[in-house]
Amino acid sequence: MDVNQPKQEHLLALKVMRLTKPTLFTNIPVTCEDGDLPGDLLNHLMKDDPSTVKGAEMLMLGEMLTLPQNFGNIFLGETFSSYISVHNDSPHLVKDILVKADLQTSSQRLNLSASSAAVAELKPDSCIDDVIHHEVKEIGTHILVCAVSYTSQTGEKMYFRKFFKFQVLKPLDVKTKFYNAETDEVFLEAQIQNITTSPMFMEKVSLEPSLMYNVSELNTINKDGESFSTFGTTYLQPLDTRQYLYCLKPKPEFAEKAGVIKGVTVIGKLDIVWKTNLGERGRLQTSQLQRMAPGYGDVRLSLEIIPDTVNLEEPFEITCKITNCSERTMDLILEMCNTNAIHWCGVSGRQLGKLHPSSSLHLTLTLLSSIQGLQSVSGLRLTDTFLKRTYEYDDIAQVCVVSSKVKAGS
């Protein structure tokens, strides 16, 4: 929208047009039955209409392309392109023509001109053309400022400018959720909603992890050596939402140091690429995603190895990992307390020795269950002899207990 028209008569005329992809021409089919008053007149008119598809005149979509009739919407992540033309409307020669195009946003002013050199002269009925491009990275009000300076035939310095204001809208609504697993894995769920009025082709939605993590995408299915999207189609209709899932695992150099991954940690950022009308491309990158790492207290006990199914009243082994998450050395004692279903095998109250900060030790324990069904592994106690503090660990895992006859028969 032109908001500033120059009052002085100038020798040059400035024209600015946004460059966008054309759209397919649509028409409204009007028909009737043979018994109606017009007869076959309307049907013949539709068949003779050059904008309709031959053999499918009743379709609203035609074969012709239509140039944009207005400025249209500009969305964040798209490339704004504009054609600028300066035409000499006068019968006189104009010299030292300088055309400058700036884009003013809420935070900065950008120079979009391809060249900063002045054109020596411009003859009557001649023009200077330029095409500018800019990847839109801010939402809100943008103002394209086009300034023209030149020297008239009499040597007078002339100058004028025009302002073109437009709004940049947000195309996607992105929401994220984090799920923490006991194995130090982090699952990220990204919900992406199309908040535009036209469908999108989602070309790529990937997660660029931080230096602490490796990422695995859980949005494809491998079949016969080929990968297929779990969603089937990759189109996102207006106001539709799609969920993407990623699994992040700490790199070995960080996973071995329990004290490193705590508090607020940077996970990474999402990179989203889409296409709209006739292949117009858009791209968005979120800011760095952060999550609050779960607190494990001074001592963390996690299971490294545990069977899914065990026999009733038969011993089985589990492997535990004990990590000192504090900043002091601990001297630990392990106690094993029996429950109604779980019975520990071995000596309770044994010394585990000193455990330095951020250090871990692996421990293999033997136990059995006296009750069938899904049973919780509970009853482990760790006592720090320095502070006389006891840490209790119940419901650390579950195992399915079956009769030995049932397991053998299966």
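The values are calculated or read from the model by the stated rules, or taken from the named source; none is laboratory data. What you see is a predicted model; the values in this text were computed from it and never measured. All Cβ positions, glycine included, derive from the backbone under ideal geometry; neighbour counts span all protein chains shown. Please note that ligands, DNA and RNA were not included when accessible areas were found on the heavy atoms of the full protein model with its side chains. Shrake-Rupley method; radii C 1.70, N 1.55, O 1.52, S 1.80 Å.
At-a-glance table
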item	result
Candidates V299, V53, V215: whichever shows maximal mean-square fluctuation once the chain is modelled as a Gaussian network with Cα springs under 10 Å	V53
Cβ-defined net charge surrounding V99, 13 Å radius [Lys, Arg +1; Asp, Glu -1]	0
Cα shape, the chain, gyration tensor, a/c 1.5 rule	oblate
Heavy-atom accessible area ranking, 1.4 Å probe, most first, across F166, F254, F386	F386, F254, F166
Accessible surface of the range 231-362, 1.4 Å probe, proportion on carbon and sulfur as whole %	49
Inter-label distance, nm, simple model (7 Å from Cα along the C-beta direction), N180/E253	2.4
Per residue Cα convex hull volume in Å³ - calculated over the range 114-199	182
The range 172-293: relative contact order in percent, alpha carbon pairs under 8 Å with at least 6 residues between	30
Label zone at A114, where the point sits 7 Å out along the Cα-to-Cβ direction: the range 150-181 residues whose backbone N lies under 19 Å	none
Helix-only [θ]222 nm of the chain, DSSP H runs n ≥ 4, -39500 (n - 2.57) each, per residue, nearest 500	-1000 deg cm²/dmol
Environment charge at E392 (Cβ cut-off 14 Å; Lys +1, Arg +1, Asp -1, Glu -1)	-2
Reciprocal of mean inverse Cα separation for the range 172-293 (Kirkwood radius, Å)	15.7
Heavy-atom surface of the chain, accessible at 1.4 Å and reported per residue (Å²)	57
Whole-number percent relative contact order across the chain, with pairs defined as alpha carbons under 8 Å at least 6 apart	11
Within a Gaussian network of the chain (alpha carbon springs, distance under 10 Å), most fluctuating of E304, E208, E63	E63
